[in-house]
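These notes concern the structure reproduced below.
The values are calculated or read from the model by the stated rules, or taken from the named source; none is laboratory data. Model, not experiment: these values are computed from the prediction. Using ideal geometry, Cβ is built from the backbone for each residue, glycine included, and neighbour counts are taken over all protein chains shown. Ligands, DNA and RNA are stripped out before the accessible areas are found, and what is left, the full protein with its side chains, is counted by its heavy atoms. Shrake-Rupley method; radii C 1.70, N 1.55, O 1.52, S 1.80 Å.
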Amino acid sequence: MELESCMMMIFLFTCIVVLAIHALLERTNNNKKFPPGPSPLPIIGNLLEMGQKPHKSLANLAKIHGPIMSLKLGQLTTIVISSSDIAKEVLQTHDQSFSNRTIPDAGSALNHKDYSLTFMPISPRWRLLRKICNGQLFSNKTLDGSQDLRQNKIQELLTHIHHCSIKCEAVDIGSLAFKTTINLLSNAIFSVDLLHSTGTAGEYKELATKIMIEFGKPNLSDLFPILKLLDPQGIRKRTADYTSKVMDIFKGLINQRLKMREGKGFDNMEVNDMLNTLLNISQENNSQNMDQIQIEHLILTLFVAGTDTITSTIEWGMAELLHNPEVMWKAKQELKQTVGIGNQVKETEIGRLPYLKAIIKEIFRLHPPTPLLIPRKAEKNVEIRGHVIPKGAQVLINVWAIGRDSSIWDNPNLFLPERFLGLDIDVKGQNFELAPFGGGRRICPGLPLAMRTIPLMLGSLINSFDWKLEGDMKSEDIDMDDKFGITIAKAQPLRLVPIKINY
């Protein structure tokens, strides 16, 4: 019996070894088709190689392992794309297979992932929201009708800066751009200045900043899904707390509007903001896809995405212009000839300012607001360039690396707007060497508003004032370092002293 037991143990052990070897060989053969990448460590994978600035770390790794690269971030298989050609295959050729998202655990706060246009899967509800954004909220007709609103908000910004110039007082460009953008959006949506309001609405800026910080933090629950039940860093809980307070602000404004709509004479009032449009759609369709909860979450998405994109672009733009005085001079000359020195830029004049438009493209190339875009998720195994992107993998498009690719751009690290003059490249998702808003069906729906607001604000700042650095710093002393988060922001806030132009 002992001999038989011994033989059985030897047999079972042999079977286990054979099966293990077979599994290892099978995995090795399969991995031959997976994109190359650095060898992962046990449990944590390649987390240590991400560093504090993943967009830069991944760009350096791509120089070693290639433009399509595989990493293991905890339990999460991640494919990183660092070339425009392969980005086109993901965002356009195989768009349908990569249209859904990997959902950050912070997005689960208050079930935002189920209502957010950014995170929800492709579905009838998503298609309805997308149709509303494209056809009504951000259509050319709607945006043409709200030109005066944007002009007024920019004028308020310039008036505030003028008062600072009289006192020779420095201004924080990022903070001013943030405030202006918030009030521009809140007027477009609610017909109120959110940051001028009293009470809880005045807290919005702090709450919005905290939400963006939480979304930008590395989260163990995303890397090790088994930890989601524990929320070990408290990110989901804090995000829920901050989001709940913001939702209360939105809910109060929506309830005010609903009471107005019930009152006599409302039909005769001219209320053409986004909230009224959404409430009309909700009533006309009597649809669960556009109830008040959905409206609140859609508004939250528009605020978070819109403020960060515009704010970071304006701050980086002014930093680059002060860092490159010759570019600032050329921009001022174009504005002087087209708009008139000291005048506020109008939207109807943007088409006649090719150098200003080139400056904005160059800002997006070097400083894309979301350097890795919002992650996509592979719905099935997809073969690209001889490599298999496995089902369930997270896919990151490193537009920061693509913007500095020397095979595409001459002198890629220099700020040279001239490179775009006469070059038929835009940011609308068809030219993948410059895709700060993404591409395909998941392209940012607020792109049309951003591309009206950014040249309006930046052009007016350039044309209405001369600028000098606080403390009489020299242009070459500007700190051009960045910090990674939900968007790529300047590591040090840009503080400038405005000098009113005499004309």
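Would you confirm, using the coordinates I've provided, whether L253 is closer than 23 Å to Q294 by Cα, in a helix (DSSP H, G or I), aliphatic (A, V, I, L, M) and in contact with a helix residue (DSSP H, G or I) (Cβ under 7 Å, 6 or more places away or on another chain)? In short, yes.
Out of segment 152-186, which residues are open to solvent by 30 Å² or more (accessible area, probe 1.4 Å) and in contact (Cβ under 8 Å) with a residue 60 or more places away in the chain?
At the first step, the residues of segment 152-186 found to be open to solvent by 30 Å² or more (accessible area, probe 1.4 Å) are 152, 155-156, 159-160, 162-163, 166-169, 172, 175, 179.
Passing the criteria: Q155, H162, I166, C168, E169, D172, S175.
If we keep just the residues of segment 464-487 that are outside any strand (DSSP E or B), hydrophobic (A, V, I, L, M, F, W, C) and out of contact with any His (no Cβ under 6 Å at 6 or more places or on another chain), which is nearest to S146 (Cα to Cα)?
Applying the first criterion (outside any strand (DSSP E or B)) to segment 464-487 yields 464, 470-481, 484-487.
Next cut, hydrophobic (A, V, I, L, M, F, W, C) only: 473, 478, 480, 484, 486.
Next, only the ones that are out of contact with any His (no Cβ under 6 Å at 6 or more places or on another chain) stay: 473, 480, 484, 486.
On the way: M473: 39, M480: 35, F484: 33, I486: 29 Å.
Ranking the qualifying residues of segment 464-487, first place goes to I486.
Here L461 meets each of (1) assigned to a loop (DSSP other than H, G, I, E, B); (2) open to solvent by less than 20 Å² (accessible area, probe 1.4 Å) with one exception, condition (1).
Please verify whether segment 371-386 includes one or more residues that are within 21 Å of I173 (Cβ to Cβ), touching a residue at least 12 places away in the same chain (Cβ under 8 Å) and open to solvent by 20 Å² or more (accessible area, probe 1.4 Å). No.
Output the number of the condition that Q283 fails; it satisfies all remaining conditions of (1) touching a strand residue (DSSP E or B) at 6+ places or on another chain (Cβ under 7 Å); (2) without any contact (Cβ under 8 Å) to a residue 24 or more places away in the chain; (3) of a type in the set (S, T, N, Q). Looking at each condition in turn, Q283 falls short on (1).
Taken over segment 484-500, residues that are in contact with a Gly (Cβ under 6 Å, 6 or more places away or on another chain) and loosely packed, with under 15 Cβ neighbours inside 10 Å amount to 1.
Could you say whether any residue in segment 433-453 is farther than 27 Å from Q136 by Cβ, in a helix (DSSP H, G or I) and touching a residue at least 24 places away in the same chain (Cβ under 8 Å)?
Our first condition is that a residue be farther than 27 Å from Q136 by Cβ; within segment 433-453, this holds for 433-434.
From what is left, the residues that are in a helix (DSSP H, G or I) are none.
Looking for residues that are farther than 27 Å from Q136 by Cβ, in a helix (DSSP H, G or I) and touching a residue at least 24 places away in the same chain (Cβ under 8 Å), one finds none in segment 433-453, hence no.
Scanning segment 32-60 for residues being farther than 22 Å from F224 by Cβ and either crowded, with 17+ Cβ neighbours inside 10 Å or out of contact with any strand residue (DSSP E or B) (no Cβ under 6 Å at 6 or more places or on another chain) (or both) gives a total of 8.
The helices (runs of 4 or more DSSP H) found wholly in segment 1-110 and carrying at least 3 residues that are at pLDDT below 95 occupy 2-31.
Restricted to helices (runs of 4 or more DSSP H) entirely inside segment 290-387, those with at least 1 residues that are in contact with a strand residue (DSSP E or B) (Cβ under 9 Å, 6 or more places away or on another chain) and at pLDDT 95 or above are 292-323, 325-338. Per this entry, K141 is not counted among residues that are over 18 Å from the mean Cα position of the chain (by Cα), buried (at least 21 other Cβ atoms within 10 Å of the Cβ) and at negative phi.
Tallying residues that are surrounded by 15 or more Cβ atoms within 10 Å (Cβ to Cβ), assigned to a helix (DSSP H, G or I) and either at pLDDT 90 or above or not β-branched (V, I, T) (or both) within segment 204-235 yields 16.
Would you please name the residue that is least open to solvent (accessible area, probe 1.4 Å), looking only at residues in segment 464-483 that are of a type outside the set (G, A, S) and closer than 14 Å to L158 by Cβ?
Within segment 464-483, the subset of a type outside the set (G, A, S) is 465-470, 472-474, 476-483.
From what's left, closer than 14 Å to L158 by Cβ: 465-467.
Details: F465: 2, D466: 64, W467: 30 Å².
Top of the filtered list is F465.
Please work out if L396 is outside any strand (DSSP E or B), under 14 Å from V90 (Cβ atoms) and not aromatic (F, W, Y). Taking the combined requirement at face value, the residue does not satisfy it. A Cβ distance below 7 Å, combined with a sequence gap of six or more or placement on separate chains, defines the contacts here; from segment 128-150, residues that are under 18 Å from F303 (Cα atoms) and among the β-branched types (V, I, T) reach residues that are assigned to a helix (DSSP H, G or I) and open to solvent by less than 50 Å² (accessible area, probe 1.4 Å) in the pairs I132/I281. When segment 389-426 is filtered for residues that are under 14 Å from I86 (Cα atoms) and among the hydrophobic types (A, V, I, L, M, F, W, C), the ones remaining, listed by number, are I389, V395, L396, I397, V399, A401, I402, I408.
Return a yes/no flag: does segment 429-440 have any residue that is at pLDDT below 95 and over 27 Å from L298 (Cα atoms). Taking every residue of segment 429-440 in turn, none turns out to be at pLDDT below 95 and over 27 Å from L298 (Cα atoms).
Cβ-Cβ contacts under 6 Å between residues 6 or more apart (or on different chains), taken from a first residue in segment 63-90 that is under 19 Å from I408 (Cβ atoms) and surrounded by 20 or more Cβ atoms within 10 Å (Cβ to Cβ) to a second residue that is modelled with pLDDT of 95 or more and aromatic (F, W, Y), are listed as S84/F432; A87/F432; K88/F432; V90/F98. The numbered conditions (1) open to solvent by 50 Å² or more (accessible area, probe 1.4 Å); (2) in contact with a helix residue (DSSP H, G or I) (Cβ under 6 Å, 6 or more places away or on another chain) are all true for P104 except (1).
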